[in-house]
Structures are given as structure tokens and as C-alpha cells.
Amino acid sequence: MAQFKKTKEFPKPFTLSIDIGGTGFKASVLNAKGKMMASSVRVETPYPCPPRVMVETLAQLVRPLPAFNRVSVGFPGVVREGKVITAPHFGNKVWRGYPLAKALQKKWGKPVRLLNDADMQGLAVIRGKGLELVVTLGYGVGTALFRHGELMPRLELAQHPVFGAKTYNEYIGDRVLKKIGKAAWNKRVRQALEWLNTLLNYDQLYIGGGNARLIHFKLNKNASIVSNGAGILGGIALWGHGEKGL
């Protein structure tokens, strides 16, 4: 159970930040300065995971956390104006068009903002200079691109064919890692990052997600591995952006 102290020293508003992943759901509450007010909580991702199951699982997940005034949610797919457009891990057909932000707002009675999970992680780690790419390596592969700190939304590079008919998800996703092993997976990841560099000519690369820790090759000087907790910490920055364009 999350541990926290009730005190007046924390600046409001308090933001419930949720990171929805293919293997786990994580959440914590952040104060106005982006500091966690409680240790993050986590549950395994349920499968199958239609909207009703996800909403109820999230409701159970956040019960141990302190009170909050607003909610940020990072979702592994394309989202637009609070609705899910694609959900490759959970089933596009059952999720397409689902108003997840509205459903969670009804559940908790608080305003909710919804963003792609890699985009939300990127908001926590970027420097705001030049072209910055965020790649998350987890159950699937997430990407987020920023230009001088401005998010380029709805860009799902991981769904693009990268090797024959295989997408990035099918080339370096978690299922592939377990099938081919760490050594072969590292070779593929290195190649994939080189392809992305050739394609985008980014200035800075940030690599996150649960499998980033398994990278054992030397990264270029303009690349770094970031904390997997950034998926939660980015929730505070989401409220610094207007809803339009997200």
C-alpha cells in the first residue's frame, strides 16, 4: 500500500497520474511541483482488457492513494480529444472511439486528460531544444517526437513496417525479446535506433520503458536511458498544455 503523510506543505492542485502499460498499470499522485505524494502503486494488466475491465481495474488501483483534484492518463495507443483511436495491445475493434477520459471523469468526478503513454513520458524528460525523440521499450514500442518542446501528436512510428512486413512492435517488442533472447534483441534494437536516426535526424534520443534496462550496447552521445517512472511524472506537464492538439 502506498505510504504518504497528510501535511499542508504540499502545493496544490494534486494530480493523479496513471501510466497504462501492456504488462502493468501504474499510478501515483503528484503535487503542483511534480513531486510524488505517495509511492507508486501497480497491478498487472488484465487480459482480455475491454474498456469496462480497464476502468474498474484503475478504480481499484488508485484507492490506496491520497486525494487528487485532476487526472492525467497515458494510454498505449493513439488518442484524440479524450477518446481512444487505436489500442494495439487491447484490441482496436473494442476500443475504437471509446471516450476513456469521460468514463474516468464520471468514475472519479474529476477532470481527466488523456494522452499517448510515450508522449506523456516524453513531457517529463525532454529539454525543449531541437528535435527530441522518445522511444519506450516495453510490452510494445512507443514513440514520441518533440520539436523545440512542442509535441508532434498522433505519430505512431511503432506501427510502421520496419523490417519486411514487421512493425517495430513485431521486431523489438517484448514477445520478440522473450523468443530470441537478449543478445539478438539488443542487435535489433541497435539497428532500429539507427533507422530512426536516419529517418528523423533527431538531436536527442531518450529511451524508456521496462526493457530499456536490458540494453547493453554503447549508446551514441546524444542518447540516454531515462527512468521508467517518467511515465507517471509526465502527468503534471500534461496540465501545462492546452487540450487542443493533444
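Filtering region 48-83 to residues that are in contact (Cβ under 8 Å) with a residue 12 or more places away in the chain, in a loop (DSSP other than H, G, I, E, B) and more than 16 Å from Pro111 (Cβ to Cβ) leaves Pro48, Cys49, Pro50, Pro64, Leu65, Pro66, Pro76, Gly77, Val78. Taking Gly209 as the residue in question, decide whether it is at positive phi and surrounded by 14 or more Cβ atoms within 10 Å (Cβ to Cβ). In short, yes.
Is it the case, given these coordinates, that Met120 is in contact (Cβ under 8 Å) with a residue 60 or more places away in the chain, open to solvent by 10 Å² or more (accessible area, probe 1.4 Å) and within 19 Å of the chain's Cα centre (by Cα)? The answer is no for Met120.
Does Gln191 count as surrounded by 15 or more Cβ atoms within 10 Å (Cβ to Cβ) and farther than 24 Å from Val41 by Cα? The answer is no for Gln191. Can you tell me how many residues within region 68-78 are open to solvent by less than 40 Å² (accessible area, probe 1.4 Å), farther than 19 Å from Gly210 by Cβ and either at pLDDT below 95 or of a type outside the set (A, V, I, L, M, F, W, C) (or both)? Adding up the residues that qualify gives 2.
Within region 140-163, which residues are buried (at least 20 other Cβ atoms within 10 Å of the Cβ), at pLDDT below 90 and part of a strand (DSSP E or B)? Passing the criteria: only Val162. Do you know which of the residues in region 216-226 that are without any contact (Cβ under 8 Å) to a residue 60 or more places away in the chain and not basic (Lys, Arg) is farthest from Arg175 (Cα to Cα)? This residue is Asn222. For Gly97, all conditions in the list (1) out of contact with any Pro (no Cβ under 7 Å at 6 or more places or on another chain); (2) in a helix (DSSP H, G or I); (3) without any contact (Cβ under 8 Å) to a residue 24 or more places away in the chain hold save one; what is the number of the exception? Single failed check for Gly97: (2). When Ile232 is tested against (1) in contact (Cβ under 8 Å) with a residue 60 or more places away in the chain; (2) assigned to a loop (DSSP other than H, G, I, E, B), exactly one condition is not met: (2). Restricting attention to region 9-67 and to residues that are among the basic types (Lys, Arg) and touching a strand residue (DSSP E or B) at 6+ places or on another chain (Cβ under 8 Å), the residue that is least open to solvent (accessible area, probe 1.4 Å) turns out to be Lys26.
Of everything listed in (1) under 22 Å from Gly21 (Cα atoms); (2) open to solvent by less than 80 Å² (accessible area, probe 1.4 Å); (3) assigned to a loop (DSSP other than H, G, I, E, B); (4) touching a Lys or Arg at 6+ places or on another chain (Cβ under 8 Å), the single unmet condition for Val176 is (3).
Scanning region 102-117 for residues that are under 20 Å from Gly234 (Cα atoms) and open to solvent by 10 Å² or more (accessible area, probe 1.4 Å) yields Gln105, Lys110, Pro111, Val112, Arg113, Leu114, Asn116, Asp117.
The values are calculated or read from the model by the stated rules, or taken from the named source; none is laboratory data. On a predicted model such as this, the values are computed, not experimentally measured, just so you know. Because the Cβ atoms are built from the backbone with ideal geometry, glycine has one as well, and the counts that use them run over all protein chains shown. With ligands, DNA and RNA removed, areas are computed over all heavy atoms of the protein, side chains included. Shrake-Rupley method; radii C 1.70, N 1.55, O 1.52, S 1.80 Å.
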